[in-house]
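S.K.: Take a look at the following structure, please.
The values are calculated or read from the model by the stated rules, or taken from the named source; none is laboratory data. Values in this document were obtained by computation on a predicted structure and should not be read as measured data. Backbone-built Cβ (ideal geometry, glycine too); neighbour counts: all protein chains shown. These area figures cover heavy atoms from the full protein model, side chains too; ligands, DNA and RNA do not enter into them. Shrake-Rupley method; radii C 1.70, N 1.55, O 1.52, S 1.80 Å.
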Amino acid sequence: MTQSFPLKLPPNEGSSATTTPGTGNDHTDKNTATNADVESPPLVPKEETNGNAQSSYGNNNNGDDNDNNNDYEHERDPFFAFVPQVMAYGAGILGNELQIAKNAAVAAPSWTVGFLKDTFVFYKQNPNLFFSEVISGFTVAIMQIPESIAFSFIAGVPPLSGLHSTFWMALITGILGGKPGMISGIAGALAVVLVDLSADDGVLTYLDKKQRLDVMFVTVFFSGVAQIVFAWLRLGKLVRLIPETGMLGFMNGLAIIIFLAQLPAFMKCEEYPLFVDCRVDERKYLNFVDDTWVLILSLVHIGICMAIMKFYPKLPNIGNFPIKRVLPASLVSLLVGTLIEHTLFRRAFGVETRTVAQTAQLKGSLPEFYWPAIPNDSQTIQTVATYALTLAAIGGVESVLTLEACNEITDTVPKVSDSNQELFAQGLGNLICGMFGAVGGDAMIGQSTINIMNGARHRVSSTMSGIFMLLFVVLLTPFIELLPIPTLTGVLFMVVLSTFQWKTFVILRYGRLSDSATILIVTLIAVFFNLAIAILAGIVFSSLVHSWDSGSHVTADIQMKKVLVDGEEHRVKYVHVRGAIFFSSTRRFVNMFSVVEDPDIVVIDLKDALVIDHSAVAAIQGITRRFEQVGKRVLLTNVQHKSAGRLHRTGDHGVLRKQMTHDLAVAGVAEEKNVVDEATVGNVYSHLPMFDIPTESIDQQLSQLEFDQGSVVVDVKKGS
């Protein structure tokens, strides 16, 4: 008894139903193989209706089907048919989005009233929870003061601009953000990019200081617009394309950039009363010859600050009072540094280090609306567009990653909608910052983690952190002006140490070469170019490595069988392919066949393979054409539904008709078996998967060269 293998594309992947040729009636093939040693995966059936093959994608239709169901007479849509289809699709999306916006606008008033009522009732019933949220917001706001001032100096803007940025970002994202309890504010990742716009030696050297700041504010505004567009396009899910090694390089590059940005703390300006008024070429580094005690005391400031931030959190609590939550380590270090500077250093030693008041003018005030006027020349407009997209990408990536980190801490199932909502809130915050003379920001990993670790799970904590920040700006400006710059530098040095991913060295030493290369590439590009390009480079490099590796994982089981093809017995080469066939794996796939050595008929079983792209389609049909030139045939079987679609869309229908309109049945046991895998297809470099380069035999290369020149006649001695 033989097992019948009718050749036909499946209506649905995994379907076991077949149709008796010529009848159109469903039946299940109950024949079994005569020898258990013969591997006989079911071939996909050929179905005919009134002499014509049925649709490869299709249903089991009856015999009265019209010619439109003819499978191998399949015709593609007209070339420009996609234009109205795309327009209709786009119009549908736009209409849906407008309907969503309309529904939201209509429901917003009632929803807001209901939300406020429910919130009031909830916290009235849980006053302790409300108090905990407010205290957590107060603590986070205090912690944000030193970092906001420090990042302001990195960005090259007045400290008040950075503090206002933190207020706006914390307030808006606290109310509208995708994750309750997540904190936003001016961030180092954006500050190191913004400095290119404000610096005397940056990209806007042809403008004065005020004009450069105006361009910066406009750039921040449009970065917010870009992030809102990102949210509308639902791009939050694209963060999953960033590999872990890319994020390690991103964090390392950010740490190095923040460290390098602290070098001005060791500079002096003798020509002007305020340090920010000095041009870059007018600033000089402190040295042990002329500024011995100033440099020594600056280092003492940094050492004391870092020691407090390291060991203060480890001290025991005083009774039941949560002193370490109310007075965080960064605030204690600022208090101690200010006390030492104005009592010990200045009065006892008669030496002073630079303070905030000596660096830039700071006047506490409420934010004021300010729309800057910028030059309308092409260079400025191009700079605004480029940096707006860069800031939007960096801020979006860091915010979405922070959201995911917070979800892990709170054991919350992440949702794509959360990411897009966070992108929208971040964009709205940056947009408003640009209209109020602030420099924007994004989600802050450190403060968000601390807030959630304090037990905050609701929007009150993050919203109150913004409100407290504004109160501090208005009421505590005299104290902020007393802060020593070296103490702020110590705070940021601790940020550098916590930001840098020290496990990088373990990966560099023991990890895979491609992982190490990804980390180094992203880190170096981040330091010497910018963070957005670094992330993009990491994605591209990792994708190339993945494509290379995936291309080497295509394997095949090869058997020589006696098979009935359209009722005639033939000795065939049966190739059961496994893996993805795409541009990176086509060379290995092609090397499984030899025009000279293979029998007259070759059957390619694609049950466990997937045709990914047109390179795979071209490889399959290229093999078929070369075999046809010497009078041999290549047949396809068990083609998956997706693979069939790709073959039909871009392949030659004439070739497909020849490959897929035959009945097959096993007529005998396997004569011989050969397994082609990674160990047998390749060369001496196969022990290095990343550099595994498949090679062809001399006969195959000569055969391919001959057929590339045109049709030739090859006398092949057929085996028994």
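S.K.: Tell me the per residue accessible area of segment 503-544 using a 1.4 Å probe; a whole number in Å² is fine.
M.R.: Heavy-atom SASA per residue in segment 503-544 reads 57 Å².
S.K.: Still on this structure: What is the pair-distance distribution P(r) of segment 213-314, computed from all Cα-Cα distances in 5 Å bins starting at 0, with each bin given as a whole percent?
M.R.: Computed distribution, short to long bins: 2, 9, 9, 11, 15, 14, 11, 12, 10, 5, 2, 0.
S.K.: Excluding ligands, DNA and RNA, what is the solvent-accessible area per residue of segment 245-331 at a probe of 1.4 Å, expressed in Å²?
M.R.: Using a 1.4 Å probe on heavy atoms only, each residue of segment 245-331 averages 54 Å².
S.K.: Another question about this same structure. Please give, to one decimal in nm, the separation of the simple spin-label points placed at ARG346 and GLU628, each 7 Å out from Cα toward the Cβ.
M.R.: So the two model labels end up 9.0 nm from each other.
S.K.: Taking 0.36 nm per intervening residue step and subtracting the Cα-Cα distance, what contour gain separates ARG240 from PHE479 on full extension?
M.R.: 81.7 nm
S.K.: Next up: Let me test this: with uniform point scatterers at the alpha carbons of segment 266-317, what is the Debye-based log₁₀ I(q)/I(0) at q = 0.26, 0.28 1/Å?
M.R.: -0.96, -1.02
S.K.: In percent, how large is the relative contact order of segment 129-221, given Cα pairs closer than 8 Å and 6 or more residues apart?
M.R.: 23
S.K.: Moving on to the next point. So for segment 286-396, averaging the separation of alpha carbon pairs under 8 Å that are six or more residues apart and normalising by length, what relative contact order in percent results?
M.R.: 23
S.K.: For segment 419-514, take every pair of Cα atoms, bin their distances at 10 Å starting from 0, and report each bin as a whole percent.
M.R.: Bins of 10 Å from zero give 11, 26, 37, 18, 7, 1 percent of pairs.
S.K.: Quick one: if the Förster radius is 41 Å, what FRET efficiency do ASP290 and LYS314 give, using the C-beta to C-beta distance and rounding to 0.05?
M.R.: 0.55
S.K.: Quick one: accessible area per residue over segment 334-459, 1.4 Å probe, rounded to a whole number of Å²?
M.R.: 45
S.K.: While we're on this one: Using a 1.4 Å probe on the protein heavy atoms, what percent of the accessible area of segment 232-326 belongs to carbon and sulfur?
M.R.: 67
S.K.: Among LYS561/LYS658; LYS268/LYS363; LYS562/LYS632; LYS561/LYS632, which pairs are too far apart, with a Cα-Cα distance over 18 Å?
M.R.: Result: LYS561/LYS658; LYS268/LYS363 exceed 18 Å.
S.K.: Sticking with this structure for a sec: Taking all protein chains in place and a 1.4 Å probe, what share, in percent, of the accessible surface of segment 126-190 do carbon and sulfur account for?
M.R.: About 78 percent, which is the carbon plus sulfur part of the accessible surface.
S.K.: I would also like to ask the following. I need the calculated FRET efficiency for the pair TYR272 and LEU524, taking r as the beta carbon distance and R₀ as 35 Å, to the nearest 0.05.
M.R.: It comes to 0.50.
S.K.: Please report, to two decimal places, log10 I(q)/I(0) for segment 520-608 at q = 0.19, 0.25 Å⁻¹ as given by the Debye formula with identical point scatterers on the Cα atoms and no solvent.
M.R.: For segment 520-608, the Cα-only Debye profile gives -0.88, -1.13.
S.K.: Just to be sure I understand the curve: with the Debye formula and one point per C-alpha of segment 124-190, what is log10 I(q)/I(0) at q = 0.29 Å⁻¹?
M.R.: The computed values of log10 I(q)/I(0) come out as -1.24.
S.K.: Rounded to a whole number, what % of the accessible area of segment 561-646 do carbon and sulfur atoms account for, probe 1.4 Å?
M.R.: 49
S.K.: If R0 is 56 Å, what FRET efficiency do you get for LEU327 and ARG512 from their C-beta distance, rounded to 0.05?
M.R.: Working from the Cβ atoms, E equals 0.80.
S.K.: Given a cut-off of under 8 Å on Cα pairs at least six residues apart, what relative contact order in percent is computed for segment 340-447?
M.R.: 32
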